[in-house]
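See below for the structure under consideration.
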Amino acid sequence: MFSRRQILGGSAALIGAATWTRTSAMSLPEAPIMQEATTQPPLLPSAGPDYNPVVTLNGWSLPFRMTNGVKEFHLVAEPVERQMADGMTAYLWGYNGQSPGPTIECVEGDRVRIFVSNKLPEHTSVHWHGMILPCGMDGVAGLTQPAIPSGKTFVYEFDIVKSGTFMYHPHADEMVQMAMGMMGSFVVHPKDPSFMPVDRDFVFLLSSYDIEPGSYLPRIMEMTDFNMWTINSRIFPDVAPLVVRKDDRVRVRVGNLTMTNHPIHMHGYDFEVTCTDGGWVRPEARWPEVTIDIPVGGMRAYEFDAVYPGDWALHCHKSHHTMNAMGHDIPTFIGADKTSVARKIKVVQPDYMPMGTDGMADMAEMSMPIPANTIPMMTGWGQFGSLEMGGMFTVVKVREGIEPGDYEDPGDYEHPAGTVAYEWTGSLPTAAAAPEGSDEGSSMRSTPERQVMPSGGGHSGH
Ligand SMILES: [Cu+2]
């Protein structure tokens with residue numbers, strides 16, 4: 001399928017659906033195709049009002065063209081191969097070469113015309129989740145429009161009446177098509193660029209799949225027991241980090257299209273939810289958080305000032321959701337003595353390793369043979385060892401001196417001397433400085449002396 005497409009100039013990762021355009025209708029906008037699962041640079045607006053584009057983690061934004069003042073996009077619903085991690089590819093359905101599909105970005109006040117071509121083997125439709133639009137553009141097959149048959153192109157056209165954080169997904173054979181990865185983010189920038197400005201603006205969707213280790217296709221009938229918990233159809237350790245320059249104002253927009261809620265927790269900061277898929281949250285209605293629950297079928301955007309440098313974990317707090325493919329029917333062996341049974345098994349299976357009697361950290365440290373096309377359930381290495389993580393986990397990397405447009409992984413955080421937890425060996429290092437103003441040498445400080453730091457989270461002036 002890919003071989004018939006032609007490579008465009010500019011970006012090697014973008015492939016134009018030239019065949020489709022030529023044979024279907026000369027007036028259709030180009031439908032770029034993305035072949036990479038890496039985070040693409042933000043797409044600066046090529047026409048129309050200016051805005052600060054978002055960065056889609058392990059994703060990209062869909063280019064548009066202007067036709068008589070209307071912003072035109074072309075989505076192609078089609079089977080895709082999505083690299084979920086190095087060594088793990090899934091056969092999904094998505095849009096324009098990837099799952100999730102490209103992020104659509106526009107500006108409050110725009111009129112958009114979105115062509116949707118269906119290259120799936122069955123019909124589909126697109127629902128524009130959270131948007132205020134004419135009922136007939138809402139994308140519910142059967143209710144507000146006929147489904148888009150396989151091989152056909154439909155046109156959605158409406159005015160963008162409010163800014164905020166939205167998404168799109170099918171509303172036709174929805175259970176199957178969402179279980180196969182059909183979804184994308186839809187970000188509407190405010191008409192007034194001085195409204196809620198941020199320096200870094202990230203967006204991603206949470207999705208889940210049930211892919212048997214060694215296989216490629218999600219089991220679509222699964223209701224609860226998924227084994228791939230993803231950030232934009234990527235799993236740790238191959239979810240891109242959120243690279244942030246110190247003192248930047250940062251927004252993180254998260255949507256949830258799985259079948260359970262995800263308490264998203266970010267270390268090192270407190271922050272405030274400033275937007276939902278219903279719109280912006282008024283300053284007087286916000287409160288500080290370090291974990292925000294992303295409901296099923298909902299979106300939350302939170303903001304913070306990146307004043308604390310470091311490598312800060314960002315993850316779902318359901319501990320099974322920061323694991324890769326795992327069996328849930330494994331007995332618990334903690335405290336069990338497997339010595340004698342291990343001796344017997346080794347007679348017939350010399351490679352047998354008794355595991356799990358002291359916890360499961362040994363799973364991450366030894367590399368056991370695993371089936372093709374899967375990655376270990378607990379993995380990822382940092383500068384101090386194994387992270388024993390997977391799934392919905394990534395890192396916010398706050399650094400001094402990062403250029404505004406630079407999203408390259410800056411590597412491991414260099415901790416200032418004396419600021420890393422260390423082993424007690426009987427005495428404190430001489431430089432173990434007590435904070436200024438406290439009693440020299442006193443490491444035990446009573447609570448009343450503790451200084452309360454002003455909150456780093458709350459910009460409430462907007
Ligand atoms: Cu979760």
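The values are calculated or read from the model by the stated rules, or taken from the named source; none is laboratory data. What you are looking at is a predicted structure, and each value in this text was computed from that prediction instead of being measured. Every residue, glycine among them, receives a Cβ derived from its backbone with ideal geometry; neighbour counts consider all protein chains shown.
Here residue 196 meets the list (1) part of a loop (DSSP other than H, G, I, E, B); (2) under 30 Å from residue 154 (Cβ atoms) almost entirely, failing just condition (2). Of the residues screened, residue 414 is not one that is surrounded by fewer than 19 Cβ atoms within 10 Å (Cβ to Cβ), touching a residue at least 60 places away in the same chain (Cβ under 8 Å) and in a loop (DSSP other than H, G, I, E, B).
Residue 228 satisfies every condition listed in (1) within 16 Å of the ligand (Cβ to nearest atom); (2) modelled with pLDDT of 95 or more except (2). Checking each residue in segment 92-122 for being out of contact with any Pro (no Cβ under 7 Å at 6 or more places or on another chain), over 18 Å from residue 157 (Cα atoms) and of a type in the set (Ser, Thr, Tyr) picks out only 99. Scanning segment 380-397 for residues that are part of a strand (DSSP E or B) and under 18 Å from the mean Cα position of the chain (by Cα) returns 380, 389, 391, 393, 394, 395, 396, 397. Does segment 53-73 include one or more residues that are touching a residue at least 60 places away in the same chain (Cβ under 8 Å), surrounded by 17 or more Cβ atoms within 10 Å (Cβ to Cβ) and among the charged types (D, E, K, R)? No, segment 53-73 contains no residue that is touching a residue at least 60 places away in the same chain (Cβ under 8 Å), surrounded by 17 or more Cβ atoms within 10 Å (Cβ to Cβ) and among the charged types (D, E, K, R).
Only one of the numbered conditions (1) surrounded by 24 or more Cβ atoms within 10 Å (Cβ to Cβ); (2) within 30 Å of residue 411 (Cα to Cα) is violated by residue 189, and that is (2). Once segment 231-244 is narrowed to residues that are out of contact with any Leu (no Cβ under 8 Å at 6 or more places or on another chain) and in a loop (DSSP other than H, G, I, E, B), the residue that is nearest to the ligand (Cβ to nearest atom) is 235. The single condition among (1) within 16 Å of the ligand (Cβ to nearest atom); (2) buried (at least 22 other Cβ atoms within 10 Å of the Cβ); (3) in contact (Cβ under 8 Å) with a residue 60 or more places away in the chain; (4) not small (Gly, Ala, Ser) that residue 320 does not satisfy is (2).
Candidates in segment 78-99 are the residues that are assigned to a loop (DSSP other than H, G, I, E, B) and touching a strand residue (DSSP E or B) at 6+ places or on another chain (Cβ under 7 Å); of these, the one that is farthest from residue 209 (Cα to Cα) is 96.
The residue that is surrounded by the fewest Cβ atoms within 10 Å (Cβ to Cβ), among those in segment 112-151 that are aliphatic (A, V, I, L, M) and in a loop (DSSP other than H, G, I, E, B), is 143.
Within 16 Å of the ligand (Cβ to nearest atom), of a type in the set (A, V, I, L, M, F, W, C) and modelled with pLDDT of 70 or more: is that true of residue 325 in this structure? So residue 325 fits the description; yes. Among the numbered conditions (1) at pLDDT 90 or above; (2) assigned to a loop (DSSP other than H, G, I, E, B), the only one that residue 354 does not meet is (1). Counting residues in segment 158-170 that are within 30 Å of residue 52 (Cβ to Cβ), under 21 Å from the mean Cα position of the chain (by Cα), surrounded by fewer than 18 Cβ atoms within 10 Å (Cβ to Cβ) and not β-branched (Val, Ile, Thr) gives zero. Considering each of 247, 201 in turn, give the residue that is in a loop (DSSP other than H, G, I, E, B) and of a type in the set (Asp, Glu). So the residue among 247, 201 that is in a loop (DSSP other than H, G, I, E, B) and of a type in the set (Asp, Glu) is 247.
Tell me which residues, restricted to segment 248-264, are more than 12 Å from the chain's Cα centre (by Cα) and either hydrophobic (A, V, I, L, M, F, W, C) or more than 10 Å from the ligand (Cβ to nearest atom) (or both). Across segment 248-264, the qualifying residues are 248, 249, 250, 251, 259. Here residue 320 fits the description: under 18 Å from the mean Cα position of the chain (by Cα) and assigned to a helix (DSSP H, G or I).
For segment 273-317, what are the residues that are among the aliphatic types (A, V, I, L, M), within 13 Å of the ligand (Cβ to nearest atom) and either assigned to a strand (DSSP E or B) or free of Cβ contacts under 8 Å to residues at least 24 places away in the same chain (or both)? If the condition is that a residue be among the aliphatic types (A, V, I, L, M), within 13 Å of the ligand (Cβ to nearest atom) and either assigned to a strand (DSSP E or B) or free of Cβ contacts under 8 Å to residues at least 24 places away in the same chain (or both), then 292, 294, 314 are the ones that fit.
Residues considered: 174, 222, 212. Of these, the only one that is of a type outside the set (Gly, Ala, Ser), touching a Lys or Arg at 6+ places or on another chain (Cβ under 8 Å), surrounded by fewer than 19 Cβ atoms within 10 Å (Cβ to Cβ) and more than 28 Å from residue 303 (Cβ to Cβ) is 212.
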